[in-house]
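Written out below as structure tokens is the structure these notes cover.
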Amino acid sequence: MASLPLSPTHYCRPCLRRLYLQTQTRTLTTTPSRRKHGALPTFVATASPDLDDILSTFRDNVFLPSHLIKLQRDLLYKKKNHALLTSDEPATVRLGSEVVQLKPLSHQKDEPATRPAIKKVVDLMTETKDWRNLPGFLDGLMTARRSVKGFQLEKMVRKANECGKMGVVLECLKRVEDTGMGLWELRVAREVMWGATAKAMQADWSEEGVEKGAKYAEMIWEMMLDPRHREKMHGDQDAKKRPEVIGVLVQMHAARALIENIGDDGGLVEKYVKMMLQVWGNTETKFEEGDWDDANHKLTIWSPVWHGMSMAQKVLGAKTPLGQELGAKLKELESLVGRARPLLLAKSTQEGPRRGVKLYESLSQVSL
């Protein structure tokens, strides 16, 4: 198997000279492009042949070209060079510790569309080893300049949370420069913070589960201060100024206070309740009559807040000034529930009630 450089008959004189000069000081396997992007993402085998096939196709046909310099990409995409890649001594390139064979590619035939592929990848991820591939997949998409929209990241986080894979979400957030999963996107931040509620729910609101949920919520809250997660943020997208995000912290600390019988959990319940009430006007709890999709969205994001506020009242006292202020806002949320729940029940599918109803009913049955 022959390594680059390649036969001079396949290049014009200027291209050949550039190729020659590069190989006198370094091999083509250590080009500036290689040093900038790092090694190719690697994926672990999954239980799904379809998932393995998608990841392999993206690695070979999308991620690999993004790690090459222009001369190398010309080998892949220009038909006049394809004979060289299919000869008895095909060309290879070294990326990190890996030697990769270069094969002819077509932009039209060999590169899958991003949006449907992302949906399929997330749908096929079910087991722990499947989810381990998510950070590398996002890393490859970023390097290849394939756009991943906020709503797609939101759905990834939601599915990961539902599968109990918050650790994978955390890894993506820590590698934000590589994955593009940033808390500057409010819809993503909401879903990430909901992972704390999911931790407690999946542990049946045990003391250990609530403790883990509270620690996770605090970890995400601190991460929201990281400059890397704020650089692309718009004013109205700041999750730290949204009551539905702070409300999850209220929920976790109020639950811990009640379960462990520790009063106000070191003053954290009062702290976050005051913070939440101070920014209460930064969001909307109402929806248009008959708009079941918006009703589902509102009930989903506000159910954990309603649950947390109900518990916080028990911790702080319903007749205290702060408890009374909480009570007034609780009535607002109860009005939301009263309007949204019957509308959504009427829109149930074969799989059951909509997400907002399921979440509300699950939380309403929790007694601490």
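The values are calculated or read from the model by the stated rules, or taken from the named source; none is laboratory data. Keep in mind the model is a prediction, meaning the values are calculated, not measured. All Cβ positions, even for glycine, are placed from backbone atoms using ideal geometry, and neighbour counts span all protein chains on display.
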Point to revise | Residue list for segment 217-261, filter: in a loop (DSSP other than H, G, I, E, B) and either farther than 18 Å from SER310 by Cβ or at pLDDT 95 or above (or both) | key: MET224, LEU225, ASP226, ARG230, GLU231, LYS232, MET233, HIS234, ASP238, ARG242
Point to revise | Options GLN152, GLN108; residue that is loosely packed, with under 14 Cβ neighbours inside 10 Å, polar (S, T, N, Q) and in a helix (DSSP H, G or I) | key: GLN108
Practice item. Please indicate, with yes or no, whether at least one residue in segment 136-149 is farther than 15 Å from LEU64 by Cα and assigned to a helix (DSSP H, G or I). Key: no
Point to revise | Residue list for segment 148-170, filter: of a type outside the set (A, V, I, L, M, F, W, C) and out of contact with any Lys or Arg (no Cβ under 9 Å at 6 or more places or on another chain) | key: GLU162, GLY167
Practice item. Considering every residue within segment 223-237, establish whether at least one is surrounded by fewer than 19 Cβ atoms within 10 Å (Cβ to Cβ), closer than 20 Å to GLU162 by Cβ and free of Cβ contacts under 8 Å to residues at least 12 places away in the same chain. Key: no
Review point. Consider GLY263 against the criteria (1) in contact (Cβ under 8 Å) with a residue 24 or more places away in the chain; (2) buried (at least 18 other Cβ atoms within 10 Å of the Cβ): it satisfies all of them except one. Which criterion is unmet?
Key: (2)
Review point. Can you tell me which residue in segment 205-216 is farthest from the chain's Cα centre (by Cα), limited to those that are over 16 Å from MET311 (Cβ atoms) and either of a type in the set (Lys, Arg) or surrounded by fewer than 15 Cβ atoms within 10 Å (Cβ to Cβ) (or both)?
Key: GLU208
Check your understanding: When you go through (1) farther than 27 Å from LYS298 by Cβ; (2) modelled with pLDDT under 95; (3) of a type outside the set (Asp, Glu) one by one for LYS174, which number turns out not to apply?
Key -> (2)
Review point. Out of all the residues in segment 87-103, is one or more surrounded by fewer than 18 Cβ atoms within 10 Å (Cβ to Cβ) and under 30 Å from GLY150 (Cβ atoms)?
Key: no
Practice item. Might you let me know whether segment 294-304 holds any residue that is surrounded by fewer than 17 Cβ atoms within 10 Å (Cβ to Cβ) and either under 28 Å from GLU162 (Cα atoms) or not assigned by TED's automatic domain parsing to the domain that holds MET201 (or both)? Key: yes
Revision key, fill the gap. Within segment 123-132, the count of residues that are at pLDDT 95 or above and either more than 14 Å from MET181 (Cβ to Cβ) or surrounded by fewer than 21 Cβ atoms within 10 Å (Cβ to Cβ) (or both) comes to 5
